[in-house]
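Please read the structure below before turning to the comments.
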Amino acid sequence: MSQMFALLLVVVILYLGDLVSVRTKAWIPSVFVCAVLFLIGYWTFFPQDIVSRAGITPVVAVMLMYLLITNMGTLLSVPELIRQWKTIIISLAGIAGIMATVFVVCMLMFDRNTAIVTIPPLVGGIVSAIIMSKGAASAGLVDLSVFAILIYVMQGFAGYPLTAIMLQREGRRVLQKYRRGEWQETVAAAPLPDKAAGAASADNAMPRLFGRFPAHYNTSYFKFMRLAFVGWLAYLVSGWLAPVVAVSPFVLCLLFGVIAASLGFLERQPLQKANGFGFAVMGLMLFIFDTLNRATPEMLLRLLFPMLVLIAAAVVGMFIVSWVVGKLLGVSMEMAFAIALTSMYGFPADYIITNEAITALTKDEKEREVLTQHMLAPMLVGGFISVTMVSVVLAGIMVGYIIPAV
């Protein structure tokens with residue numbers, strides 16, 4: 001199979017996943033469709049190394065992870081997070097609920113390695129799933145390497161519909177109060193413009209440290225160069241710390257991305273502005289599905305029961321804890337649970353689901369504004385905290401505790 005034909009096949013699968021997701025309004029996640037098509041391909045006519053043949057080798061995927069995670073760090077805006085302190089507490093509480101219930105269930109029914117490999121993908125997305133899958137594979141745990149990917153693929157089936165239901169219930173509650181003249185928004189919460197629409201921004205201004213340079217010098221290569229420099233620093237520091245404490249370079253990429261953006265060395269979302277974000281995500285998605293080449297029908301049947309049990313346990317855990325914490329903070333059960341559920345998909349699904357819920361509830365522009373102000377920012381911040389930040393840190397820490405197969 002030629003390289004370009006291999007590339008064509010895998011990109012067609014990614015597009016079909018998007019197509020089904022759009023047609024079903026995300027009720028059928030794109031990653032699920034892609035995973036099924038890749039499995040069918042691997043079990044029929046795909047070569048086992050089709051992703052490598054297409055050009056996405058493990059070395060390329062690791063490079064893309066460095067760039068993407070550093071780019072994630074540039075999203076952090078401390079003032080925005082301070083305004084949403086209740087959301088942050090609820091999001092962290094939901095993660096704690098997932099960790100507690102999944103760990104207990106694994107200790108009772110499975111084993112410690114299953115708990116370690118499962119938790120980061122359940123509170124995160126593509127990056128944490130890759131970190132845990134690679135860690136399990138390196139430890140000789142083939143089943144768990146595939147299991148980390150399956151959790152990432154399947155958790156949307158629980159997260160999407162539950163979130164839609166919670167947001168519609170919350171929206172109806174808010175609208176009833178608003179129409180009776182009883183509604184008062186306690187926190188003026190504007191949406192996060194950089195996460196919702198920043199990728200489309202044409203602003204090419206130099207970051208603060210390079211403010212003396214003309215904007216036309218801020219080329220795509222200059223953005224890539226600065227991203228690579230920050231990623232290289234994270235790699236170096238991780239190596240320096242290794243004799244004392246094991247810190248994943250990916251965790252440091254996230255931290256250094258935050259610092260670099262705060263100091264004005266990086267602008268917000270430089271990868272999007274360098275027109276490299278779409279390719280980077282495509283490469284990582286293909287690398288994830290490449291893991292499925294080790295999945296046999298027998299393995300999937302063996303993993304189906306623990307996968308369903310642990311996703312259900314995660315949902316129950318986050319519901320209980322987010323409900324209790326939300327009650328203490330004066331946040332409704334529906335809104336608190338919806339915020340916690342963002343850990344199962346993150347951006348842009350949190351943005352899309354929230355807007356679809358608002359559209360389904362009212363066509364009145366003023367009412368839509370009230371609902372948007374009330375629901376959108378907490379959903380975006382919740383997904384940012386869990387998927388973008390905490391899951392990467394958790395994966396970077398927990399991967400070191402995997403016990404290798406004997």
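The values are calculated or read from the model by the stated rules, or taken from the named source; none is laboratory data. Treat the numbers as computed from the prediction; the structure is a model and nothing was measured. Cβ atoms come from the backbone with ideal geometry, glycine included; neighbour counts cover every protein chain shown. In case anyone asks, the SASA skips ligands and DNA or RNA and just uses the protein heavy atoms, side chains included. Shrake-Rupley method; radii C 1.70, N 1.55, O 1.52, S 1.80 Å.
Observations, loosely collected:
- Reduced Cα scattering model of the stretch 32-159, Debye log10 I(q)/I(0), q = 0.16, 0.18, 0.22 Å⁻¹: -1.01, -1.19, -1.41
- Sequence-distant contacts, meaning Cα pairs under 8 Å at least 6 residues apart, place the relative contact order of the stretch 339-406 at 47 percent.
- Pair-distance distribution P(r) for the stretch 213-292, from all Cα-Cα distances in 10 Å bins starting at 0: 17, 39, 32, 11, 1 percent.
- Whole-percent P(r), the stretch 39-79, all Cα pairs, 5 Å bins from 0: 6, 18, 16, 14, 13, 12, 8, 7, 4, 2, 0.
- Counting only trypsin sites (Lys or Arg not before Pro) that DSSP places in a loop and that have at most 14 other Cβ atoms within 10 Å, the longest clean stretch of the chain runs over 26-179.
- Rg of the Cα atoms in the stretch 247-288, relative to 2.2 N^0.38 Å, amounts to 1.34.
- Each Lys or Arg adds one and each Asp or Glu subtracts one; over the other residues with Cβ under 10 Å from the Cβ of Met1, this totals 0.
- Helical runs assigned H by DSSP (4 residues or longer) give the chain a calculated mean residue ellipticity at 222 nm of -23000 deg cm²/dmol, each run adding -39500 (n - 2.57) before division by the residue total.
- Cα convex hull volume per residue for the stretch 337-406 (Å³): 90 Å³
- Relative to the Cα centre, the charge distribution of the chain, modelled as +1 at Lys and Arg Cβ and -1 at Asp and Glu Cβ, gives a dipole magnitude of about 440 debye.
- Contact order normalised by residue count of the chain, Cα under 8 Å, 6+ apart, percent: 33 percent
- Across q = 0.07, 0.08 Å⁻¹, the chain modelled as identical point scatterers on its alpha-carbon atoms has Debye log10 I(q)/I(0) values of -0.33, -0.43, in the order of the q list.
- Computed over the stretch 265-394, the ratio Rg/Rh where both radii use C-alpha atoms and Rh is Kirkwood: 1.04
- J(HN,Hα) series, the stretch 279-290, from Karplus relation 6.51 cos²θ - 1.76 cosθ + 1.60, nearest Hz, glycine and proline x: 5, 4, 5, 4, x, 5, 4, 5, 5, 4, 5, 4
- Relative packing of 157-165, 92-100, which averages over residues the other C-beta atoms within 10 Å, highest first: 92-100, 157-165
- With 0.36 nm allotted per residue and the present C-alpha distance subtracted, the Arg180-Glu365 stretch has 64.9 nm of extension available.
- Relative contact order computed over the stretch 203-349 (Cα-Cα under 8 Å; 6+ residues apart), in percent: 19 percent
- Under 18 Å between alpha carbons - lysine pairs in the chain that sit 8 or more apart or on different chains: 5
- Between Ile28 and Leu241, the simple spin-label model (points 7 angstrom out along Cα→Cβ) gives 4.3 nm.
- Put His374, His216 in order of accessible area, highest first, and with a 1.4 Å probe you get His216, His374.
- Farthest toward positive dipole pole in the chain [+1 Lys/Arg, -1 Asp/Glu at C-beta], among Leu241, Gly140, Met285: Leu241
- Theoretical gain in end-to-end length, Ser332 to Met109 [0.36 nm per residue, Cα-Cα removed]: 76.9 nm
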